[in-house]
Amino acid sequence: MTIRPAVFLDRDGTLNEDTGYPADFRQVHIFPDAFEAVRRLKRAGFAAVVVTHQSGVGRGYFSAAALDELHRRFAAAFARRGAALDGIYACLHGPDDGPCDCAKPQPGLGFRAARELGLDLRASFMIGDKAADVLFGRAIGASAVLVLTGYGRGASSELAARGVLPAHTAEGILAAAAWILGQERPPGHGPV
Ligand SMILES: [Mg+2]
Ligand SMILES: [Zn+2]
């Protein structure tokens, strides 16, 4: 397996509007820019890996099977537009499940994806709209980009108050991707 860098992508508020606890793909509104962002990142040799907390399962709002079906259609929407996702990793735990290692900012989903997909985490990026996304990026050794869609504006103030700065703050997913593509790449990770 060739080791490659990834761009980890939060789902709600980053790739699609944050509408609470969507139980069905029809309730998911993907930002039109998200397809182009993923297409460009893939073309540059990055794996595109969604890391998302779907506590609606743990809370009993919808089943793990319903979430799988939603994600199957979510992935198909990206694949149809030439922006195939390499994986969707989700924490399904709710507040009553106690601590887990897969809810961001815990790094569990990132380490699992790295093992299963062969990812170079130090050469990777995380894009998300919450403080937990930025902290997750740092926890896995990647560079974190905060987007101002979703809860991004609140997260920006929260992070500043805590003295934690993302590597970059972008208006949205496409600007985040453009910034990543402008960064210097470690040797051996050029465009493919
Ligand atoms: Mg989010
Ligand atoms: Zn979890």
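General remarks:
- Each residue of the stretch 88-104 was assigned a 3J(HN,Hα) from its phi angle through the Karplus curve 6.51 cos²θ - 1.76 cosθ + 1.60 (θ = phi - 60°); the sequence is 10, 10, 10, 8, 9, 6, x, x, 8, 7, x, x, 9, 9, 10, 7, 4 Hz, with glycine and proline shown as x.
- Tensor-based shape of the stretch 16-154 (alpha-carbon gyration tensor, a/c under 1.5 rounded, otherwise prolate or oblate): rounded
- To put it simply, the accessible area of the stretch 60-160 at a 1.4 Å probe is 50 percent carbon and sulfur.
- Computed FRET value (nearest 0.05) for D101 with E69, which takes r as the C-beta separation and R₀ as 22 Å: 0.30
- Highest-first arrangement of 172-185, 76-89, where packing means the average Cβ count within 10 Å: 172-185, 76-89
- Taking every DSSP beta bridge that has both ends in the chain, the antiparallel portion is near 5%.
- Averaged over its residues, the chain has an accessible area of 46 Å² per residue, based on protein heavy atoms and a 1.4 Å probe.
- Packing-based ranking, highest mean first, of 101-108, 154-161 given that Cβ atoms within 10 Å are counted: 101-108, 154-161
The values are calculated or read from the model by the stated rules, or taken from the named source; none is laboratory data. Everything quoted here is computed from the prediction, not taken from an experiment. A quick note on method: Cβ atoms are made from the backbone with ideal geometry, for glycine too, and the neighbour counts reach across all protein chains shown. Each accessible area value is taken on the protein alone, full model and side chains, heavy atoms only, with ligands, DNA and RNA left out. Shrake-Rupley method; radii C 1.70, N 1.55, O 1.52, S 1.80 Å.
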